[in-house]
1. Condition first: closer than 22 Å to residue 116 by Cα and of a type in the set (Gly, Ala, Ser). Can you find one or more residues in segment 153-161 that meet it?
2. Determine which member of the set 151, 175 is surrounded by 15 or more Cβ atoms within 10 Å (Cβ to Cβ) and within 23 Å of the chain's Cα centre (by Cα).
3. Inside segment 45-64, can you point out the residues that are surrounded by fewer than 18 Cβ atoms within 10 Å (Cβ to Cβ) and either assigned to a helix (DSSP H, G or I) or on the phi > 0 side of the Ramachandran plot (or both)?
4. Please go through segment 18-44 and give me each residue that is surrounded by 16 or more Cβ atoms within 10 Å (Cβ to Cβ) and free of Cβ contacts under 8 Å to residues at least 24 places away in the same chain, ordered by number.
5. Look through segment 77-109, keep the residues that are hydrophobic (A, V, I, L, M, F, W, C), without any contact (Cβ under 8 Å) to a residue 12 or more places away in the chain and over 30 Å from residue 128 (Cα atoms), and return whichever of them is surrounded by the most Cβ atoms within 10 Å (Cβ to Cβ).
6. Six or more apart or on different chains, Cβ under 9 Å: which pairs go from a residue in segment 135-158 that's modelled with pLDDT under 90 to one that's not in a helix (DSSP H, G or I)? Could you list them?
7. Exactly one of (1) at pLDDT 90 or above; (2) exposed (fewer than 11 other Cβ atoms within 10 Å of the Cβ); (3) among the hydrophobic types (A, V, I, L, M, F, W, C) is unmet by residue 183. Its number?
8. Would you say residue 120 is in contact with a helix residue (DSSP H, G or I) (Cβ under 9 Å, 6 or more places away or on another chain), part of a loop (DSSP other than H, G, I, E, B) and buried (at least 16 other Cβ atoms within 10 Å of the Cβ)?
Amino acid sequence: MRKNSRHLLGIFSPVFYVFIVMAGSWALYNVAWRINNDAIHQVIANISGTLLFLSVTFSTFLIYPMVYMRGGSLGERIIASLINPFLWATKECIRLYISFTPLECLYYYLNPLNIWLLFGITAQMGIAEIFCRLWLRAKGKDIRVLSPYAVGTVLISLFLVVLMYAWGQGENVYVLFLKGYRLFFGSGVKI
């Protein structure tokens, strides 16, 4: 059955709410340095920076259950959870366009921070799935709370997050990223 636009608007409205927080906190963070009062500057920068971090990194814990409870399919829940982090990563890639070619900017999507973020969001989706199933079970629905897919997603994603960090606190992963950059684009130093 084809879903109508009103249904999709209802499904994806949580993404918009988080986007407003993300964009507003980013804008506020980037103008806070212009405030001449250091105490006010620090308060605004700390609050807006924290909101930006939370909206990019942990919004899946809010978006995934909201889309789930509104009847979103698994695909819709996954897409909704990835939209804002993808927009943030895209904004970072666009900022690089000042100094790098379009292909180099696209390669930047593969930087370790984005990969960590992807694995972290994937783990959050698995955790949110388990909690949504637990909520449905509490409401009387006969549903398996610990589905193998959700548990496997959490375990594999968290393993990869920890592995990337444990292997030289992320430095080795960054070195691989740089080696890939040099392989595709050269050293970047033209004398």
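The values are calculated or read from the model by the stated rules, or taken from the named source; none is laboratory data. All figures in this text were calculated on a predicted structure; none of them were measured in a lab. Here the Cβ positions follow ideal geometry from the backbone for every residue, glycine too, while neighbour counts run over all protein chains shown.
1. First, pick out the residues of segment 153-161 that are closer than 22 Å to residue 116 by Cα: 153-161.
Narrowing the set further to residues that are of a type in the set (Gly, Ala, Ser) leaves 157.
Yes, the conditions are met somewhere in segment 153-161.
2. Details: 175 fails: surrounded by 15 or more Cβ atoms within 10 Å (Cβ to Cβ).
Of 151, 175, the one residue that is surrounded by 15 or more Cβ atoms within 10 Å (Cβ to Cβ) and within 23 Å of the chain's Cα centre (by Cα) is 151.
3. First, the residues of segment 45-64 that are surrounded by fewer than 18 Cβ atoms within 10 Å (Cβ to Cβ): 45-47, 49-51, 53-54, 57-58, 61.
Passing the criteria: 45, 46, 47, 49, 50, 51, 53, 54, 57, 61.
4. Correct list: 23, 28, 29, 32, 44.
5. Restricting to residues being hydrophobic (A, V, I, L, M, F, W, C), without any contact (Cβ under 8 Å) to a residue 12 or more places away in the chain and over 30 Å from residue 128 (Cα atoms), the top hit is 100.
6. Sorted first by the residue in segment 135-158, then by its partner, the pairs are 136/143; 136/145; 137/143; 137/144; 137/145.
7. All conditions are met except number (1).
8. Working: in contact with a helix residue (DSSP H, G or I) (Cβ under 9 Å, 6 or more places away or on another chain): yes; part of a loop (DSSP other than H, G, I, E, B): no; buried (at least 16 other Cβ atoms within 10 Å of the Cβ): yes.
Here the answer is no, as residue 120 does not meet what is asked.
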